[in-house]
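K.L.:
The following block contains the structure, expressed as structure tokens.
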Amino acid sequence: MTGNKDHGADEALYVKSVVDASPQPGDSVADLASAALASHMDALNRLSGVGSDTANVARIYDYYLGGKDNFEVDRTVAEEVLAKNPDVRDSALANREFLGRVVHYLVSEAGVRQFIDLGSGLPTQENVHQVAQAAAADARIVYVDNDPVVLTHARAMLATNQNTLAVGADLRDPWKIVHEVRALIDFTQPIAVLAFAVLHFLSDEQAYGVVNTLVGACPPGSYLAVSHVLDTAEAQTGRAIYARRSANAGLVLRSPAEIGEFFAGLELVHPELERSPGNAPELVHLSQWRNEEDSTVVRDRFMLCGVARKLEP
Ligand SMILES: C[S@@+](CC[C@H](N)C(=O)[O-])C[C@H]1O[C@@H](n2cnc3c(N)ncnc32)[C@H](O)[C@@H]1O
């Protein structure tokens with residue numbers, strides 16, 4: 001990553017790559033496809049500010065999800081992880097399904113209309129604004145990520161949507177986020193802070209810092225939703241692969257108690273749809289959170305999640 005680099009010139013190159021892909025007389029379909037892909041990936045590569053020899057966590061995750069916005073270096077790392085833990089792909093898919101259920105719950109049942117999605121990732125199917133605005137057209141969503149490729153894709157996707165914004169900011173600078181999201185977010189009204197599959201890329205100080213700052217700035221009636229990789233032997237193997245392959249962010253694995261700390265002082269939403277008497281709300285695996293499918297079948301073993309409400313002081 002290149003920190004404060006101005007990406008304007010590279011964004012222009014990205015746009016040019018799309019224009020350059022226009023067919024010319026005599027081009028075969030295969031020529032066109034290969035030229036377009038090479039040009040597109042080259043422009044994305046420049047935009048990302050990293051060489052294609054650096055694996056990138058947004059693109060590795062895109063590969064787990066079956067996306068196409070990734071390079072060979074990302075696929076190599078992802079395949080190495082999948083060879084050791086094939087279930088990682090199920091966890092990534094379960095994470096997106098969890099995201100969909102949470103956003104739908106927050107709009108339809110909790111009445112939330114404002115979302116800040118921290119570490120939003122490359123756009124995929126059923127992004128937060130699509131789920132939220134399908135349930136309430138006036139829902140406002142700010143995506144936050146520090147990856148220029150993620151931001152370029154997000155801005156292209158959101159160009160015609162007045163109720164969305166993509167902000168380039170690092171979660172290690174939470175006050176910048178509070179400042180920048182004000183363009184769309186009203187801090188006097190309930191807000192949902194979403195941190196899906198991102199806090200495990202931050203140290204304790206950074207991860208608890210960004211959550212406490214953001215939730216602290218939100219009014220009572222706001223929500224925090226988190227999904228986080230658990231500290232297991234399998235995840236330690238994945239962390240070692242990311243570190244050995246010098247991915248652009250390392251994994252910080254946490255225990256259930258440490259993940260629970262993100263919700264300190266908040267009231268957990270009960271994860272069971274049909275509450276068993278006497279069962280206190282707790283953190284659960286992704287597929288167990290308010291899922292109409294049989295929640296005793298845990299498809300994902302690598303992550304824990306929770307959703308909680310900020311109470312009146
Ligand atoms: C694994 S993806 C998760 C995407 C999405 N939240 C989801 O759950 O499907 C993690 C995202 O967090 C972003 N990210 C990692 N560290 C970050 C940081 N310090 N500041 C902002 N974004 C960060 C990455 O660029 C990537 O897009």
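The values are calculated or read from the model by the stated rules, or taken from the named source; none is laboratory data. Note that this is a predicted model, so its numbers are computed, not measured. Positions of Cβ are generated from backbone atoms using ideal geometry, with glycine treated the same way; all protein chains shown enter the neighbour counts. What goes into the accessible areas is simple: the full protein's heavy atoms, side chains included, and nothing from ligands, DNA or RNA. Shrake-Rupley method; radii C 1.70, N 1.55, O 1.52, S 1.80 Å.
K.L.:
Answer yes or no as to whether Gly100 is assigned by TED's automatic domain parsing to the domain that holds Asp186, within 16 Å of the ligand (Cβ to nearest atom), part of a helix (DSSP H, G or I) and at pLDDT 95 or above.
P.N.:
The answer is yes for Gly100.
K.L.:
Go through segment 185-207 and count every residue that is assigned to a helix (DSSP H, G or I) and either within 13 Å of the ligand (Cβ to nearest atom) or in contact with a Phe, Trp or Tyr (Cβ under 9 Å, 6 or more places away or on another chain) (or both).
P.N.:
Going residue by residue through segment 185-207, those that are assigned to a helix (DSSP H, G or I) are 199-201, 204-207.
Among the residues that remain, those that are also either within 13 Å of the ligand (Cβ to nearest atom) or in contact with a Phe, Trp or Tyr (Cβ under 9 Å, 6 or more places away or on another chain) (or both) are: 199-201, 205-207.
The qualifying residues number 6.
Listed here are the residues, each with its yes/no results for (1) assigned to a loop (DSSP other than H, G, I, E, B); (2) away from the ligand (no atom under 16 Å from the Cβ).
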residue: Met157; (1), (2): no, no
residue: Thr160; (1), (2): yes, yes
residue: His179; (1), (2): no, no
residue: Ala183; (1), (2): yes, yes
residue: Gly209; (1), (2): no, no
residue: Leu214; (1), (2): no, no
residue: Pro220; (1), (2): yes, yes
residue: Glu234; (1), (2): no, yes
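K.L.:
Hey, another quick one. Which of the residues spanning segment 107-124 are within 16 Å of the ligand (Cβ to nearest atom), part of a loop (DSSP other than H, G, I, E, B) and modelled with pLDDT of 95 or more?
P.N.:
Answer for segment 107-124, where residues must be within 16 Å of the ligand (Cβ to nearest atom), part of a loop (DSSP other than H, G, I, E, B) and modelled with pLDDT of 95 or more: Gly119, Ser120, Gly121.
K.L.:
Considering only segment 163-171, I want to know if a residue exists there that is away from the ligand (no atom under 12 Å from the Cβ), at pLDDT 95 or above, touching a strand residue (DSSP E or B) at 6+ places or on another chain (Cβ under 7 Å) and in a loop (DSSP other than H, G, I, E, B).
P.N.:
yes
K.L.:
Output the number of the condition that Glu272 fails; it satisfies all remaining conditions of (1) free of Cβ contacts under 8 Å to residues at least 24 places away in the same chain; (2) buried (at least 17 other Cβ atoms within 10 Å of the Cβ).
P.N.:
Glu272 satisfies all of (1) free of Cβ contacts under 8 Å to residues at least 24 places away in the same chain; (2) buried (at least 17 other Cβ atoms within 10 Å of the Cβ) except (2).
K.L.:
I would also like to ask the following. Does segment 261-274 hold any residues that are among the acidic types (Asp, Glu) and part of a loop (DSSP other than H, G, I, E, B), and which are they?
P.N.:
Narrowing segment 261-274 to residues among the acidic types (Asp, Glu): 261, 267, 272, 274.
Once the filter is applied, which keeps residues that are among the acidic types (Asp, Glu) and part of a loop (DSSP other than H, G, I, E, B), segment 261-274 yields Glu272, Glu274.
K.L.:
Counting only residues that are open to solvent by less than 30 Å² (accessible area, probe 1.4 Å) and of a type outside the set (Gly, Ala, Ser), which one in segment 228-250 is nearest to Phe196 (Cα to Cα)?
P.N.:
His228
Condition check ((1) among the hydroxyl-bearing types (Ser, Thr, Tyr); (2) not in a helix (DSSP H, G or I)) across all residues:
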{"position": "Tyr242", "(1), (2)": "yes, no"}
{"position": "Leu251", "(1), (2)": "no, yes"}
{"position": "Ile259", "(1), (2)": "no, no"}
{"position": "Glu292", "(1), (2)": "no, yes"}
{"position": "Cys305", "(1), (2)": "no, yes"}
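K.L.:
Still on this model: Going by the structure shown, is Glu258 open to solvent by 30 Å² or more (accessible area, probe 1.4 Å), among the acidic types (Asp, Glu), in the same structural domain as Arg113 (by TED's automatic domain parsing) and more than 30 Å from Val181 (Cα to Cα)?
P.N.:
no
K.L.:
Sort out which residues of segment 299-313 are closer than 25 Å to Pro220 by Cβ and modelled with pLDDT of 95 or more, and write them in order of number. Show your work before the answer.
P.N.:
Here is the first cut: in segment 299-313, the ones closer than 25 Å to Pro220 by Cβ are 305-313.
If the condition is that a residue be closer than 25 Å to Pro220 by Cβ and modelled with pLDDT of 95 or more, then Cys305, Gly306, Val307, Ala308, Arg309, Lys310, Leu311 are the ones that fit.
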